[in-house]
Amino acid sequence: MEDEIFDKYCQAGAFAASVIRKGAREIRPGAPYIEVIEFIEDLASSGESGLAFPLNVSLNEDAAHDTASFGDERVFAPGDLVKLDLGVHFDGYIADTAITIDLGNNGLLVDASREALSRAIEKVRPGVTVGEIGAAIQAEIESRGYRPIANLTGHGLGRFVVHRSPSIPNIAIQGGVVLEEGMVFAIEPFATTGSGHVNEKRRVEIFQQISQKPVRLATARKILEAVSGRQGMPFAKRWLPDNKPDIALATLIHAGVVHAFPVLSDIPGSLVSQHEHTVIVTGDHCVVTTA
Ligand code: CO
């Protein structure tokens, strides 16, 4: 990897780490979602940096892909287990990091995903398979009496690309991609008191343009105009200028132009914790850009 690119990944990582630390302090019982989320998104998109995707704020059994909607009236409540998942980029080079904030009494569950992430990072070096990383995550979480979420994975990162090969499983799999020097990816273990599988909820707040096909509907064209600066990175419904975009979005999804990311949840009443770092594989180990 060129030094200049390596430096941009590291800058993005250090910045993401500082933003998520500041953001975490804003999450307390009674704080309105929308204010906290907009505060963190504003911090993250200042100066040279931009958001790689909308700030994900997912509570309790929700593992990923929730964020504030237009006029969201929710407030954080005592007992909530809050996952903050932040992606920023410098010139397209992405840092993806997540932490869990415990407003209740779930410290052991929070520790499980944090320690699993540490075990996974310890394993990273050229020649190791992604299956071995998944095995380390699964073993650590299960040794603590929880389940890893099997159908959520870490993911490779590219310039303006939030999800690409390799996938980094949270469970042991046979073989899989062999890690090589210069690979950039996010590792994101999820630990749960639930089933260890997520399902899609009906709620959808995050979308991504996936093709450039022409569309006739004027309101749909307006949406594509509004997100053209995203360079294919995900956007929030809340960011759109039209505050009733559902029909236009449905049209774009049906036409294969936009992809929807529904909220992903384990079983009702369960609790999910998550930690995530972005790493670059080096000759003998890795650099954690978001540490
Ligand atoms: Co990620």
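The values are calculated or read from the model by the stated rules, or taken from the named source; none is laboratory data. Owing to the predicted nature of the structure, the values given are computational and were not obtained by experimental measurement. When we count neighbours, we look across all protein chains shown, and the Cβ atoms used for this are built from the backbone with ideal geometry, even at glycine.
What to note about this one:
- Total residues in region 1-40 satisfying the condition of being within 20 Å of Ala77 (Cα to Cα), in contact (Cβ under 8 Å) with a residue 24 or more places away in the chain and charged (D, E, K, R): the figure is 2.
- Yes/no for Ile206 being within 14 Å of the ligand (Cβ to nearest atom), at pLDDT 95 or above and not assigned by TED's automatic domain parsing to the domain that holds Gln274: yes
- From the list Thr219, Thr251, Thr282, the one residue that fits, being farther than 22 Å from His163 by Cβ, of a type outside the set (Lys, Arg), in the same structural domain as Gly158 (by TED's automatic domain parsing) and out of contact with any Gly (no Cβ under 6 Å at 6 or more places or on another chain), is Thr282.
- Residue, surrounded by the most Cβ atoms within 10 Å (Cβ to Cβ), within region 249-280, restricted to residues that are aliphatic (A, V, I, L, M) and part of a loop (DSSP other than H, G, I, E, B): Leu271
- One residue stands out among those in region 198-212 that are assigned to a loop (DSSP other than H, G, I, E, B) and in contact with a strand residue (DSSP E or B) (Cβ under 9 Å, 6 or more places away or on another chain): the one that is nearest to Leu157 (Cα to Cα), which is Ile210.
- For region 75-134, taking the residues that are hydroxyl-bearing (Ser, Thr, Tyr) and more than 14 Å from the chain's Cα centre (by Cα), the one that is surrounded by the fewest Cβ atoms within 10 Å (Cβ to Cβ) is identified as Ser118.
- All conditions but one from (1) within 16 Å of the ligand (Cβ to nearest atom); (2) assigned to a loop (DSSP other than H, G, I, E, B) apply to Gly194; the one that does not is (1).
- Unmet requirement for Ser58, which otherwise passes all of (1) among the hydroxyl-bearing types (Ser, Thr, Tyr); (2) in a strand (DSSP E or B); (3) without any contact (Cβ under 8 Å) to a residue 24 or more places away in the chain: (3)
- All positions within region 37-58 that are over 17 Å from the mean Cα position of the chain (by Cα) and either acidic (Asp, Glu) or farther than 24 Å from Asp7 by Cβ (or both): Phe39, Asp42, Glu48
- The condition of being in a strand (DSSP E or B), more than 15 Å from the ligand (Cβ to nearest atom), over 30 Å from Gln209 (Cα atoms) and in the same structural domain as Val279 (by TED's automatic domain parsing) holds for Ile101.
- Selection from region 116-148 of residues that are charged (D, E, K, R), out of contact with any Ser or Thr (no Cβ under 9 Å at 6 or more places or on another chain) and in a helix (DSSP H, G or I): Arg119, Glu122, Lys123, Glu132, Glu142
- In summary, Arg74 fulfils each of the numbered conditions (1) among the basic types (Lys, Arg); (2) more than 12 Å from the ligand (Cβ to nearest atom); (3) touching a Ser or Thr at 6+ places or on another chain (Cβ under 8 Å) with the single exception of condition (3).
- Condition met for His163 (outside any loop (DSSP other than H, G, I, E, B) and free of Cβ contacts under 8 Å to residues at least 12 places away in the same chain): yes
- Filtering region 138-160 to residues that are in contact (Cβ under 8 Å) with a residue 40 or more places away in the chain, touching a helix residue (DSSP H, G or I) at 6+ places or on another chain (Cβ under 9 Å) and within 12 Å of the ligand (Cβ to nearest atom) leaves Gly154, Leu157.
- Of note, Val82 satisfies the criterion of being more than 12 Å from the ligand (Cβ to nearest atom), in a strand (DSSP E or B), in contact (Cβ under 8 Å) with a residue 40 or more places away in the chain and assigned by TED's automatic domain parsing to the domain that holds Cys10.
- Residue check for Arg216: in a helix (DSSP H, G or I), basic (Lys, Arg) and more than 20 Å from Asp62 (Cα to Cα): no
- The one condition in (1) out of contact with any Leu (no Cβ under 6 Å at 6 or more places or on another chain); (2) within 16 Å of the ligand (Cβ to nearest atom) that Pro189 fails to fulfil: (1)
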